[in-house]
Amino acid sequence: MKLTLKIWRQKNANTKGELKTYPIDGIEGDMSFLEMLDVLNEELINKGDEPVVFDHDCREGICGSCSLQINGEPHGPDRLVTTCQLHMRMFNDGDTIVIEPFRAKAFPVIKDLVVDRTSFERIQQAGGYISVNTSGNTIDANAIPVNKQDADDSFNAATCIGCGACVAACKNASAMLFTSAKVSQFALLPQGKVEATERVLNMVAQMDKEGFGNCTNTGACEIECPKGISLENIARMNREYLNASIKG
Amino acid sequence: MSILDSKIPEGPLADKWTKHKNDVNLVNPANKRNIDVIVVGTGLAGGSAAATLAELGYNVKTFCYQDSPRRAHSIAAQGGINAAKNYQGDGDSNYRLFYDTVKGGDYRSREGNVYRLAEVSANIIDQCVAQGVPFAREYGGMLDNRSFGGVLVSRTFYAKGQTGQQLLLGAYSAMNRQINRGKITPFNRHEMLDLVIVDGKARGIIARDLVSGKIERHSAHAVVIASGGYGNVFFLSTNAMGSNATAAWKIHKRGAYFANPCYTQIHPTCIPVSGDHQSKLTLMSESLRNDGRIWVPKKKEDAIAIREGKKKAKDLSEDERDYYLERRYPSFGNLVPRDVASRAAKERCDAGFGVNKTGQAVFLDFASAIERYGKEQAAMHGNHNPSKEEITKLGKQVIENKYGNLFQMYEKIVDENPYESPMMIYPAVHYTMGGIWVDYNLQSTIPGCYVTGEANFSDHGANRLGASALMQGLADGYFVLPYTIGDYLSKDIKTGPIPTDTKEFDEAENKVLQQLETLINNNGKHSVDYFHKKLGHIMWNKCGMARNATDLASAMTEIRALREEFWKDVKVPGELNEMNAELEKAMRVADFLELGELFAKDALHRNESCGGHFREEYQTEEGEALRDDENFMYVAAWEYTGDPAQEILHKEELKYENIEVKSRSYK
């Protein structure tokens, strides 16, 4: 198929960016979206132009590196996939596709389609862990039974890949879904309850400090999340936060 | 040629590690504060090592090329992690895990290392649960297990099809705790481009900041390389796009021996190649072989009809199907080790029984599992006379619970619903058992340079069993290295900070800069990918699942010629001092173009078949791998001399005192 791509080009954080138009031909439905960009880049290099830079790594939907706002949607029009698992069969011959970086104050553009997501790192560093040493000198793994439903819910929250689609989807650029997924994972497990109070207070404080917006319950994050992280996690984090604030 | 000393402690197998831990020197807590350690790579092996060393009190600097440690490719491991917990009461023990691993590796791994791995495996599970890793559980709240290839017990712990992700996030959380305490300084979006050796000891690295393009000097008292494997030398593999051998290859060029480069794992269950545009291959977890049955049509006409779209899998009755693994290997069936399953798939496809458009695929069928689980579920819910539809519906739910994300991934890529028609799969490059040679302490032949995880060669011999890579990565990082590196660092308590304004750092930095500038200014005709794809073709066709002396010799010549062409004609756009993805790729491919030649050389010298290394000249009448224990029961460790073709072979003889060496049989 033949497509027209409108791609955000920006040399670095300090220069202004703009959308540039690139026609492309010979795209097959079995190609992934990033393989389509590989084809474009090969053409650009052969012509002596600079290829488009974008984050990507595992290309199987799990590392969370790839991003891209495609026709206004994080990770494009398909549901429950990352951009690397989005296939060109979702598009039609003659389509125009607008490709931009994830937009948020807390995700500044580094170059072209690459953004800086270290704000997510700092939220995790503020409390996204259980304070236990890695000596292996702990109790036997089966010493504390965990209710299967809680274990499954905790796992579902833990499948967040930290891509930032929730932030890019939100009109407030809120990081509530991301933060609440980690808070929930631990809040649901007995071993995570010990420092639950401090964890939620510290992580929320860091989230606010990074300049992410507030949550107004539009639910856009849940719809765009490639891993289907549920809004329930935000509700759970709000409960945890309220409890912690009263205790704290 | 020299004989390498593996430094395996004396004494009975089961006591070696305990005795060694008691014998090593310790560093007192106050002195640890004055010692710096660099960790390159933040996957399971690097992340766990960094967190543990920081907890102990060392100052740790971590380096990864991704924008976060959480994105290292350990995250993509799907099926599970082995541990000899014997929770199922099916007769598992440390010895059995040791035995299975040595046998699975086709008697080409080190007894002492493998036993230690088995010994610490149970601890890993305890540790991860304490960290909040949400493993799969049964209704009673206890941990669940599944079975993997090459073993007769259920010892694999898992978190759906995302076990690697959950374990890596566990290690990442342990790292975050130390970053928050200021004990780890993370250098993300940084790539190590050389090792700095001062007075014969590893004392630092040269790294490039991938955002600004600036070259940086970092010093430390010891350097840990945990940068993963080199599967991307094949261009197409299940590795991440950025997975590379640069850190490992650079230390090799600085004096670390490279062991068994030809031992590569071609994983049997991957989504087949669909076209020339393909950039990577996707694995379908080995855990699927717990429930999926592998088959091709019995008759060639049927295979052809399926390829041409005239027939579908479900049109073939049971007796028109050849469940070739169950036929050839009745006792292990679909759960034979990976190398055996891959070769069997290739054999059927080469003989003309392959099933997708290209004829390079076999079926992985869940219909009987869906039926079995459906009946079981119906009975559990008191329905003793269920209809076919009810059975299918209930059975699909069980399969979805176990493998939902894998089925979804398959459907997105292939555009076919695997609940309805069987998956089509084919082998793909997945893991490299070879790597930097290390002794029992995980130290390379360069003092102070340690290598952990897939980047070293130590534990899997010529073939790795499923769910053992995660086990090794975490064992090395959480439980082995923190002890052994202390012994080395105990001699550095009075050294003080290592300065970076020395001639050794100057020399290394200049060398790196020169290489980068050459690439940027080369202005050739072809992109980096052009060369990488060509290299991949040579590797797959001549150093792939079946190898022979003629092809291997010509692979060496072709790779050498391609390398020369690369340096003459590669085109790298952009500038040095900016984010430049093409330049990053060029540096990595330059190293693959050297490593590939050594790979072929190693495969050519090993005149036997063992594990993942299959030489057509050496096979039994039934087509099974034929080892030559008399002449090749050794680790081949190569010393760099300036040219991959001229590397010098050093041998480490392998001794088996606790296990009877016999020919591997899964029949």
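The values are calculated or read from the model by the stated rules, or taken from the named source; none is laboratory data. Being a predicted model, the structure only gives us computed values, none of them experimental. Glycine also receives a Cβ, built like all others from the backbone with ideal geometry; neighbour counts cover every protein chain displayed.
Values as computed for the structure displayed
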{"read-out": "Filtered residue count, region B:43-54, keeping only those that are within 9 Å of chain A (Cβ to nearest Cβ) and among the hydrophobic types (A, V, I, L, M, F, W, C)", "value": "1"}
{"read-out": "Subset of region B:450-474 that is of a type in the set (D, E, K, R) and assigned to a loop (DSSP other than H, G, I, E, B) - its residue that is farthest from the chain's Cα centre (by Cα)", "value": "B:D459"}
{"read-out": "Any hit, region B:326-346, residues being within 20 Å of B:P427 (Cα to Cα), touching a residue at least 12 places away in the same chain (Cβ under 8 Å) and part of a strand (DSSP E or B)", "value": "no"}
{"read-out": "Helices (runs of 4 or more DSSP H) contained entirely in region B:475-577, each with at least 3 residues that are within 14 Å of chain A (Cβ to nearest Cβ) and under 29 Å from the mean Cα position of the chain (by Cα)", "value": "B:481-489, B:528-542"}
{"read-out": "Members of region B:558-581 that are more than 28 Å from A:D112 (Cβ to Cβ), surrounded by 17 or more Cβ atoms within 10 Å (Cβ to Cβ) and among the hydrophobic types (A, V, I, L, M, F, W, C)", "value": "B:I559, B:L562"}
{"read-out": "Residue within region B:412-431 that is over 23 Å from B:A344 (Cβ atoms) and surrounded by 23 or more Cβ atoms within 10 Å (Cβ to Cβ) present", "value": "no"}
{"read-out": "Check on B:L26, over 23 Å from A:I123 (Cβ atoms), among the aliphatic types (A, V, I, L, M) and part of a helix (DSSP H, G or I)", "value": "no"}
{"read-out": "Helices (runs of 4 or more DSSP H) within region A:163-248 that include 3 or more residues closer than 25 Å to B:R71 by Cβ", "value": "A:165-169, A:176-187, A:196-209, A:220-224, A:232-247"}
{"read-out": "Region B:294-316 residues that are touching a residue at least 24 places away in the same chain (Cβ under 8 Å) and charged (D, E, K, R), paired with ones that are surrounded by fewer than 12 Cβ atoms within 10 Å (Cβ to Cβ) and part of a helix (DSSP H, G or I) (beta carbon under 9 Å, 6 or more apart)", "value": "B:K298/B:D319"}
{"read-out": "Of residues in region A:109-150 being at pLDDT below 95 and buried (at least 18 other Cβ atoms within 10 Å of the Cβ), the one nearest to A:K193 (Cα to Cα)", "value": "A:T138"}
{"read-out": "From A:E43, A:E50, residue being more than 7 Å from chain B (Cβ to nearest Cβ) and either among the charged types (D, E, K, R) or touching an Asp or Glu at 6+ places or on another chain (Cβ under 9 Å) (or both)", "value": "A:E43"}
{"read-out": "Per-region count, region B:70-91, residues assigned to a loop (DSSP other than H, G, I, E, B) and within 14 Å of chain A (Cβ to nearest Cβ)", "value": "12"}
{"read-out": "Considering residues of region B:496-510 that are in contact (Cβ under 8 Å) with a residue 60 or more places away in the chain and surrounded by fewer than 14 Cβ atoms within 10 Å (Cβ to Cβ) only, the residue farthest from B:R33 (Cα to Cα)", "value": "B:P499"}
{"read-out": "Counted residues, region A:68-106 - those being within 11 Å of chain B (Cβ to nearest Cβ) and in a loop (DSSP other than H, G, I, E, B)", "value": "6"}
{"read-out": "Lone qualifier among B:G132, B:G112, B:G161, B:G149 - being part of a helix (DSSP H, G or I) and in contact with a Phe, Trp or Tyr (Cβ under 8 Å, 6 or more places away or on another chain)", "value": "B:G112"}
{"read-out": "Test: residue in region B:55-65 that is charged (D, E, K, R) and either within 12 Å of chain A (Cβ to nearest Cβ) or under 15 Å from B:G473 (Cα atoms) (or both)", "value": "yes"}
{"read-out": "Residue that is nearest to the other protein chains (Cβ to nearest Cβ), among those in region B:166-189 that are of a type in the set (S, T, Y) and in a helix (DSSP H, G or I)", "value": "B:S173"}
{"read-out": "Residue satisfying condition, being small (G, A, S) and under 30 Å from A:I161 (Cβ atoms), within set B:G354, B:G382, B:G374, B:G404", "value": "B:G404"}
{"read-out": "The lone exception for B:I538 - which of (1) hydrophobic (A, V, I, L, M, F, W, C); (2) in contact with a strand residue (DSSP E or B) (Cβ under 8 Å, 6 or more places away or on another chain); (3) surrounded by 15 or more Cβ atoms within 10 Å (Cβ to Cβ) it fails", "value": "(2)"}
{"read-out": "B:K662 vs. criteria at pLDDT below 95 and among the basic types (K, R)", "value": "yes"}
{"read-out": "Within region A:101-138, tally of residues that are out of contact with any helix residue (DSSP H, G or I) (no Cβ under 7 Å at 6 or more places or on another chain) and at negative phi", "value": "16"}
{"read-out": "Search result, residues across region B:347-362 that are surrounded by fewer than 18 Cβ atoms within 10 Å (Cβ to Cβ) and outside any loop (DSSP other than H, G, I, E, B)", "value": "B:E347, B:D350"}
{"read-out": "Single residue of A:E232, A:E222, A:E210 found to be away from chain B (no Cβ under 14 Å) and within 13 Å of the chain's Cα centre (by Cα)", "value": "A:E222"}
{"read-out": "Condition met for A:E28 (within 11 Å of another protein chain (Cβ to nearest Cβ), among the charged types (D, E, K, R) and either free of Cβ contacts under 8 Å to residues at least 60 places away in the same chain or assigned to a strand (DSSP E or B) (or both))", "value": "no"}
{"read-out": "Neighbours by Cβ (under 6 Å, 6+ apart or cross-chain): first from region B:273-284, within 7 Å of another protein chain (Cβ to nearest Cβ) and closer than 22 Å to B:G161 by Cβ; second among the aromatic types (F, W, Y) and assigned to a loop (DSSP other than H, G, I, E, B)", "value": "none"}
{"read-out": "Pairs where the first residue, in region A:111-134, is without any contact (Cβ under 8 Å) to a residue 24 or more places away in the chain and outside the structural domain of A:C160 (by TED's automatic domain parsing) and the second is among the β-branched types (V, I, T) and in a loop (DSSP other than H, G, I, E, B), C-beta under 6 Å, 6+ apart", "value": "none"}
{"read-out": "Residue in region B:113-155 that is farthest from B:Q165 (Cα to Cα), counting only those that are within 8 Å of chain A (Cβ to nearest Cβ) and charged (D, E, K, R)", "value": "B:E138"}
